[in-house]
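This is the structure I have questions about; it appears just below.
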Amino acid sequence: MKAFDVGGLPVLRRRTLLAAVGSGALAAAAGCARGTQTRAAPAGVVTLNNDNATWAPGYAAASGPLHARTGYRLSPRAVPNVSAYQQIVRMSAQTDSTTDLIKWWNGYRLQDIARGEILTDLTEPWDKAQAAGLVDPTLRESFSYQGKPYAMPLYKSYYAIFYSKKAFAKAGVQPPRSWADFMHVAATFQKAGVTPIASSGASDWESIIWFAQLLIGMDPNFYQKLTSGKARYTDPTAVQAMTLWSQMYSQKLFSAPDYDGQGTPGHFKDGSIAMTLGGTWNTNAYTTAGLTDADFGIFLLPSVRPSAPAAVVVESGALAVPINAHKKNAALDVATAWLAGDVQRAWVGFLKDTSANPQVVPDVPAIRALHLDLKARKPREMTRYWEASPPALVEGNVNELSAFMVNPSSGNVRPTLQRMQKRANTEWKTWNS
């Protein structure tokens with residue numbers, strides 16, 4: 001069952017995992033993904049379970065300064081399928097089969113497993129990081145359950161517009177500073193035969209990206225209330241956001257909903273696609289594809305309503321320590337050291353992304369420019385929709401939003417939102433019970 005990926009690290013392939021889940025052989029799958037069974041890792045190593053095999057070189061880079069600080073390096077195990085990964089972690093973390101560290105999500109997804117009492121309280125590492133100025137204290141709440149933090153920020157990404165400098169130069173346009181300007185720029189590309197906005201999501205979580213962006217662009221306070229169960233999906237602001245999304249489709253501003261985003265760097269290079277909205281963790285894909293500062297840039301999308309305060313969607317991964325970790329003390333040392341400047345410089349040097357440590361910025365012109373813009377504008381940071389509500393609610397609504405992308409007609413706006421609200425009624429009741 002074992003396969004290998006970058007650096008010879010044990011990885012389970014998607015097809016293998018789906019077969020394991022379907023056959024009830026998930027326990028065996030967990031053993032393959034774990035690679036340690038019930039034994040502790042070798043001396044000087046702590047194990048990390050995660051769902052991204054492509055980040056192995058980044059973990060290796062961070063392991064140098066981590067070892068200098070703690071005496072331990074990271075040994076990641078990857079399960080490159082989100083559904084199977086979640087099941088494996090939930091199962092193994094309750095036993096002595098768990099890894100020493102796990103990559104998870106913040107917000108309600110972290111609360112979901114923290115209330116199962118399978119994670120270690122990380123109040124002390126958080127207090128040390130805050131006192132040293134290594135983390136924005138406003139992040140703490142989204143990593144906490146009942147007032148206690150149960151994970152450290154693994155990374156921090158902002159959702160912004162990536163754009164092709166070749167396409168912008170040819171069209172004679174600049175990054176917009178208002179929503180009206182943005183719509184004008186998009187229409188300019190559409191008339192020129194250039195795809196204005198690449199947008200995936202017809203069959204996966206990416207369907208949440210534009211839904212959340214349009215909501216915060218209209219009213220970030222409403223988005224906060226909606227995702228915390230204090231507003232309804234059928235309220236006027238949600239209807240207006242979905243209607244605008246539908247209108248953008250009718251104006252042919254988006255790619256086909258089944259668009260494969262992996263091709264975007266190449267399309268940016270030749271100028272056939274102008275923009276895409278995504279997390280800044282995507283920067284690595286552009287630089288790895290050979291694109292430079294001459295090829296792409298990043299800008300914050302302006303608010304839809306001029307009266308709305310500036311806001312940006314933020315995604316933060318979580319680094320947690322299971323209660324049953326073999327090397328719990330070592331894992332706590334690593335978690336405490338994770339946000340240190342030298343560790344983060346190595347880590348984001350690989351990611352080519354912003355850091356949860358506000359003092360660290362990678363040497364990537366597009367990210368450095370975005371970092372300066374964020375400091376100057378100070379937009380309100382909103383938790384990504386994936387982590388902002390109970391998981392069952394979000395995952396059901398992902399399917400609704402994906403289906404809407406396939407049929408984004410005006411007549412499908414209210415039925416979609418009504419189904420989302422019906423699910424919200426059920427899932428909030430379950431979450432609060």
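What is the angle, in °, between the Cα long axis of helix 328-337 and the longest principal axis of the Cα atoms in the chain? Nearest 10 is fine, range 0 to 90.
With both axes taken from Cα atoms, the answer is about 40 degrees.
Using the heavy atoms of the protein chains and a 1.4 angstrom probe, tell me the accessible area per residue for the chain in square angstrom.
Ligands and nucleic acids excluded, the figure is 40 Å² per residue.
Another question, then. Between Ala68, Ala231, Ala167, which gets the highest mean-square fluctuation from a Gaussian network model of the chain, Cα cutoff 10 Å?
Fluctuation is largest for Ala68.
Applying the Karplus parametrisation 6.51 cos²θ - 1.76 cosθ + 1.60 with θ = phi - 60° to the phi angles of the stretch 305-317, what ³J(HN,Hα) value in whole Hz is obtained for each residue in order, glycine and proline being reported as x?
Along the stretch 305-317, the couplings run 8, x, 7, 6, x, 4, 8, 9, 7, 10, 10, 9, x Hz.
On a 0 to 90 degree scale, rounded to 10, what angle separates helix 208-218 from the longest Cα axis of the chain?
60 degrees
At 4 °C and 1.567 mPa s, grab the translational diffusion coefficient of the stretch 57-160 from Stokes-Einstein with a Kirkwood Rh over Cα pairs, rounded to a whole number in µm² per second.
Estimated diffusion coefficient is 85 µm²/s.
Over the stretch 118-277, what is the relative contact order in whole percent, taking alpha-carbon pairs under 8 Å and six or more residues apart?
The normalised contact order for the stretch 118-277 reaches 32 percent.
Where the centroid of each part is defined by its Cα atoms, how far is the stretch 73-105 from the stretch 343-374 in Å?
Spelled out, the Cα-based centre of one part sits 27 Å from the other.
Tell me the carbon and sulfur percent of the accessible area for the stretch 320-433, rounded to whole percent, probe radius 1.4 Å.
That share works out to 50 percent.
Next question. Could you pull out every residue, at least 5 positions away or on a different chain, whose amide H is within less than 5 Å of the one on Leu122? Hs are placed 1.01 Å off N in the peptide plane, and Pro or chain starts have none.
Long-range HN contacts for Leu122: Tyr150, Ala151.
What's the angle, to the nearest 10 degrees (0 to 90), between helix 365-377's Cα axis and the longest principal axis of the chain?
Approximately 80 degrees, to the nearest 10.
What are the ³J(HN,Hα) couplings of the stretch 90-96, residue after residue, when phi is run through the Karplus curve with 6.51, -1.76, 1.60 and θ = phi - 60°? Round to Hz, x for glycine and proline.
Coupling constants for the stretch 90-96: 4, 6, 6, 5, 8, 10, 7 Hz.
Here's another thing I want to ask about it. For every other residue with a beta carbon closer than 12 angstrom to the beta carbon of Trp386, add +1 if it is Lys or Arg and -1 if Asp or Glu, then tell me the sum.
Taking every other residue near Trp386 into account, the sum is -3.
Taking the chain as a Gaussian network, Cα atoms linked when under 10 Å apart, which of Gly217, Gly341, Gly44 shows the biggest mean-square fluctuation?
Largest GNM mean-square fluctuation: Gly44.
Could you tally the net charge around Gly317, taking each other residue with its Cβ under 14 Å from the Cβ of Gly317, Lys/Arg +1 and Asp/Glu -1?
0
Let me ask something else about it. Step through the residues of the stretch 411-421 one at a time and calculate ³J(HN,Hα) from phi using the Karplus curve (6.51 cos²θ - 1.76 cosθ + 1.60, θ = phi - 60°), rounding each to whole Hz and writing x for Gly and Pro.
x, 9, 5, 5, x, 5, 5, 5, 5, 5, 5
For the chain, treating each Cα as an identical point scatterer without solvent, what Debye log10 I(q)/I(0) comes out at q = 0.12, 0.14 1/Å?
At q = 0.12, 0.14 Å⁻¹ the computed log10 ratios are -1.05, -1.41.
Using a 1.4 angstrom probe on heavy atoms only, work out the carbon and sulfur share of the accessible area of the stretch 171-316 in %.
That fraction is 50 percent.
For Arg77, list long-range residues whose amide hydrogen, built 1.01 Å from N in the peptide plane, is under 5 Å from its own amide hydrogen.
Residues meeting the amide H criterion: Leu48, Asn49, Asn50.
The values are calculated or read from the model by the stated rules, or taken from the named source; none is laboratory data. Note that the coordinates shown come from a computational prediction; the quantities given were computed from them, not determined experimentally. Reconstructed Cβ throughout: ideal geometry from the backbone, glycine too, with neighbour counts over all protein chains shown. When the accessible area is computed, the model is the full protein with side chains, heavy atoms only, and any ligands, DNA or RNA have been set aside. Shrake-Rupley method; radii C 1.70, N 1.55, O 1.52, S 1.80 Å.
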